[in-house]
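S.K.: Sharing a structure, written as structure tokens. Questions coming.
Any read-out appearing in this document is the output of simple, stated calculations on the displayed coordinates, not a laboratory observation. From a predicted model like this one, the values you see are computed outputs, not experimental measurements. FYI the Cβ positions are ideal-geometry reconstructions off the backbone, even for glycines, and counts take in every protein chain you see.
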Amino acid sequence: MYTVRAIWEWIYELLKKYTMTNRVKSTINAMRTRGAVAPSSKFLVRKMLSKIDYSHDLELLQLGFGSGVFTRGIVEKMTPGSTLVIFEVDGKCRKHEIEDDRIRYIEDSAEKISHYFGDRQFDHIISTLPFASLPKRVSDGILQEIRQHLKKNGTFLQFQYSLFSKKDIRMLFDDGPRIDFEILNFPPAFIYETTNVGTRVL
Ligand SMILES: C[S@@+](CC[C@H](N)C(=O)[O-])C[C@H]1O[C@@H](n2cnc3c(N)ncnc32)[C@H](O)[C@@H]1O
């Protein structure tokens with residue numbers, strides 16, 4: 001069976017073979033990195049964010065900012081003493097940045113969490129990264145970073161348009177992932193929820 005990533009790689013190789021210009025190449029790379037055709041709906045944001053208890057101070061990590069729809073939902077819910085670190089690799093997203101003293105916005109790849117934070121761990125990690133379309137080396141590296149920087153009993157939340165990443169996440173956390181679904185999104189999306197049960201030795 002073809003995976004989303006395999007289809008992307010096939011398109012890329014095909015275009016490369018038939019004299020792909022630098023402009024086409026960078027457009028395709030941008031589409032792979034963005035991994036979405038439209039911003040997430042308020043229904044998806046609400047359902048995904050409802051899986052965390054925000055009633056006490058939390059150190060949160062968000063991977064993939066896009067136009068900030070998830071961030072706006074998070075800052076509305078989190079306590080004044082909570083903090084939110086965001087990794088977003090695409091410089092164009094800066095224009096949507098949200099002014100809030102609790103936020104630290106890092107314009108870099110989520111592969112570099114350790115580079116910025118050493119061995120610091122976060123209470124919960126919320127990701128909108130398009131794992132299925134990112135190169136395997138990149139998504140494997142980021143998943144390792146997520147595992148390393150999530151506190152014991154912390155929740156890792158991720159939405160995807162397919163179930164292809166389920167196996168990779170299960171292998172890393174020895175838990176779930178529990179799957180929820182939101183039809184009122186374009187395209188409809190699966191929500192993966194995993195707890196760091198702490199049994200897997202890093
Ligand atoms: C599906 S979009 C999410 C957009 C927005 N959060 C939403 O739901 O509408 C994925 C975002 O992840 C970002 N991204 C992709 N690879 C990344 C990486 N390695 N590190 C950080 N951000 C990345 C993309 O630039 C894009 O903004």
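S.K.: Assuming R0 = 41 Å, what is the FRET efficiency of residue 104 and residue 14, from their Cβ-Cβ distance, to the nearest 0.05?
M.R.: 0.50
S.K.: Another question about this same structure. Check residue 127: other-chain or 5+ apart residues with amide H under 5 Å from its amide H, H built from backbone geometry?
M.R.: HN-HN under 5 Å from residue 127: 63, 157, 158, 159.
S.K.: If you don't mind, there's one more thing I want to ask. Which residues make up the longest stretch of the chain that has no chymotrypsin sites (Phe, Trp or Tyr not before Pro) in a DSSP loop with at most 10 other Cβ atoms within 10 Å?
M.R.: Free of exposed loop sites, the longest segment is 19-202.
S.K.: Work out the charge dipole of the chain with +1 on the Cβ of Lys and Arg and -1 on the Cβ of Asp and Glu about the Cα centre, then indicate which of 192, 15, 150 is farthest towards its positive end.
M.R.: Positive-most Cα among the choices belongs to 15.
S.K.: Long-range amide H contacts for residue 150: which residues qualify at under 5 Å (H placed 1.01 Å from N, peptide plane, sequence gap of 5 or more or a different chain)?
M.R.: 122
S.K.: May I pose another question? When DSSP assigns beta bridges and you keep just the ones with both residues in the chain, what percent turn out antiparallel, to the nearest 5?
M.R.: 40 percent
S.K.: Over its Cα atoms, what ratio of radius of gyration to 2.2 N^0.38 Å does the chain give?
M.R.: After normalising by residue count via 2.2 N^0.38 Å, the value is 1.02.
S.K.: Using only helices, what value at 222 nm comes out for the chain when you add -39,500 (n - 2.57) per DSSP H run of length 4 or more and divide by the total residues, to the nearest 500 deg cm²/dmol?
M.R.: Only helices count here, giving -10000 deg cm²/dmol.
S.K.: Kindly provide the trypsin sites (Lys or Arg not before Pro) of segment 109-202 that DSSP labels as loop, not H, G, I, E or B, and whose Cβ sees at most 15 other Cβ atoms within 10 Å.
M.R.: Within segment 109-202, the qualifying trypsin sites (Lys or Arg not before Pro) (loop, at most 15 other Cβ atoms within 10 Å) are 120, 200.
S.K.: Another question about this same structure. Which length gain, in nm to one decimal place, applies between residue 144 and residue 76 when the Cα-Cα distance is subtracted from 0.36 nm times their residue separation?
M.R.: Here the answer is 21.6 nm.
S.K.: Search the structure for amide H atoms under 5 Å from the amide H of residue 198, placed 1.01 Å from N in the peptide plane, and list their residues when 5 or more places away or on another chain.
M.R.: Sorted by chain and number, the residues that satisfy this are 153.
S.K.: Same structure, new question: Regarding segment 69-139, what are the three Cα extents along the principal axes, ordered largest first, in Å?
M.R.: Extents along the principal axes: 37, 29, 18 Å.
S.K.: To the nearest 20 Debye, how big is the dipole of the chain about its Cα centre, given +1 on the beta carbon of each Lys and Arg and -1 on that of each Asp and Glu?
M.R.: Using only the charged Cβ atoms, the result is roughly 720 debye.
S.K.: If you don't mind, another one. I'd like the Karplus ³J(HN,Hα) series for segment 49-62: coefficients 6.51, -1.76, 1.60, θ = phi - 60°, whole numbers in Hz, and an x wherever there's a Gly or Pro.
M.R.: 6, 5, 7, 10, 8, 9, 6, 10, 5, 10, 9, 10, 10, 10
S.K.: Can I ask one more? For a Förster distance of 22 Å, can you work out the FRET efficiency between the beta-carbons of residue 183 and residue 42, rounded to the nearest 0.05?
M.R.: Computed FRET efficiency for residue 183 and residue 42: 0.95.
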